[in-house]
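Only one structure is covered here, and it is reproduced in the block below.
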Amino acid sequence: MTTNYLTKEKFKKENQELEFFYAGSYSHNNTSYIQSQHYKTADTSFAGASSLNPGKENETEFGINYTHPFSEDIILETGVKTGMESIISSADVFALSNSQYVKDVKQSFQSDFRRKIYAGYVSLSFPFCKILDVKAGLRYEYTDNNANYSNAVKTAIPAYKNTAPSFIISHSFKNNQVLKFGYSYRLERPDFRDLNPFMNLSDPHNITTGNPNLQPEIGHMYELTYSKTFEKARTSMLYFTGRKTALI
């Protein structure tokens, strides 16, 4: 189930507005598996496991955006946002023993993962030397992670903060031609499964585990774009992009 809400407050000054938004998604997930292994020369399985994994995932995001035009060409945008994620799951694992599936306490677990993201940004659009249009911005984010895993006592996941700059520089030519160069700072947070220290032994040939000390991946995106608009609203665009990533 998803819920979205958006409202805007207009002011007397053209393009000046205040925006409130809310978005939420709520879901219940149930997964299960069963696997067995046997020799080609025998019909009876010598190993196997089955599991039922009920869980629920909730995501909520709300914030405020404000736009203030100082003039027709100079526009300030700013805002704050809070995002909350909650993932609760459990797994009852049964291992094959003497032709019967018996609960495996060591592989069964419950997990409760919660993440909060607090963000704020500011950007300014303005002309430069009458030949360039510039939009420069700065974004600050603080990420707080908390988790409780039944099979890993007192799991501590470090919080982290990031400052993300961005800018776009463009120049308009005759005949509806535009050349743009942009840079943006990208942040890819580790998934909760990647942070879970639980060692999954359900498949002895593919043992998996997570690391609660994983840091987010940082990306630096560069983009060069050329576009031309023809008659009848047809547009042709040419892109050149580059990206550099690193772990902090």
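Within the range 1-94, list the chymotrypsin sites (Phe, Trp or Tyr not before Pro) lying in a DSSP loop whose Cβ has at most 16 other Cβ atoms in a 10 Å radius.
Those satisfying the criteria are Phe11, Tyr39, Phe46, Phe70.
Taking loop as defined by DSSP and a crowding limit of 15 other beta carbons within 10 Å, which trypsin sites (Lys or Arg not before Pro) in the range 11-60 fit?
In loop regions of the range 11-60 (DSSP not H, G, I, E or B), the sparsely surrounded trypsin sites (Lys or Arg not before Pro) are Lys12, Lys13, Lys40.
Show log10 I(q)/I(0) for the chain at q = 0.10 Å⁻¹, two decimals, from a solvent-free Debye sum over equal Cα scatterers.
Normalising to I(0) and taking log10 leaves -0.74.
Considering the dipole of the chain built from charges on the beta carbon (Lys and Arg +1, Asp and Glu -1) around the Cα centre, which of Ile75, Pro158, Thr2 is farthest to its positive end?
Ile75
Output needed for the range 104-216: three equivalent-ellipsoid semi-axes, defined as square roots of 5 times the C-alpha gyration tensor eigenvalues, in descending order, whole Å.
For the range 104-216, the semi-axes come out at 46, 17, 8 Å.
Tell me the label-point distance for the pair Phe167, Ile131, using the 7 Å Cα-to-Cβ offset, in nm and rounded to one decimal.
Taking the two extended label points, one gets 1.6 nm.
Suppose a student asked you for the relative contact order of the range 17-162, using Cα pairs under 8 Å spaced at least 6 residues apart; what percent would you report? Could you put the intermediate results ahead of the total?
Values: 341 pairs, mean separation 26.8, N = 146.
Over the range 17-162, the number comes to 18 percent.
Each label point is 7 Å from the Cα along the Cα-to-Cβ direction; what then is the distance between the points at Ala159 and Asn15, in nm?
About 3.7 nm separates the two model spin labels.
Any idea what log10 I(q)/I(0) is at q = 0.12, 0.18, 0.24 Å⁻¹ for the range 94-170, Debye with uniform C-alpha scatterers and no solvent?
Computed log10 I(q)/I(0) values: -0.62, -0.84, -1.04.
Given a cut-off of under 8 Å on Cα pairs at least six residues apart, what relative contact order in percent is computed for the range 91-228?
19 percent
Please give the length that would be gained between Arg186 and Ile74 if that part of the chain were fully extended, namely 0.36 nm times their separation in residues minus their C-alpha to C-alpha distance (nm, one decimal).
37.7 nm
Run the dipole for the chain about the Cα centre, Lys and Arg Cβ at +1, Asp and Glu Cβ at -1, nothing else charged, and hand back the magnitude in debye, nearest 20.
580 debye
Could you put Val178, Val105, Val93 in order of accessible surface area, largest first, with the 1.4 Å probe and the full protein assembly present?
On the way: Val178 35, Val105 115, Val93 15 Å².
The residues order as Val105, Val178, Val93, largest area first.
Along the positive direction of the dipole of the chain (beta-carbon charges: Lys, Arg +1; Asp, Glu -1; about the Cα centre), which of Ala95, Tyr39, Phe128 reaches farthest?
Phe128
The values are calculated or read from the model by the stated rules, or taken from the named source; none is laboratory data. Here the structure is a predicted model, which is why all the values come from computation and not from measurement. Counting neighbours? That spans all protein chains shown, and the Cβs are built from the backbone with ideal geometry, glycine included. Note: areas computed on protein heavy atoms with side chains; ligands, DNA, RNA excluded. Shrake-Rupley method; radii C 1.70, N 1.55, O 1.52, S 1.80 Å.
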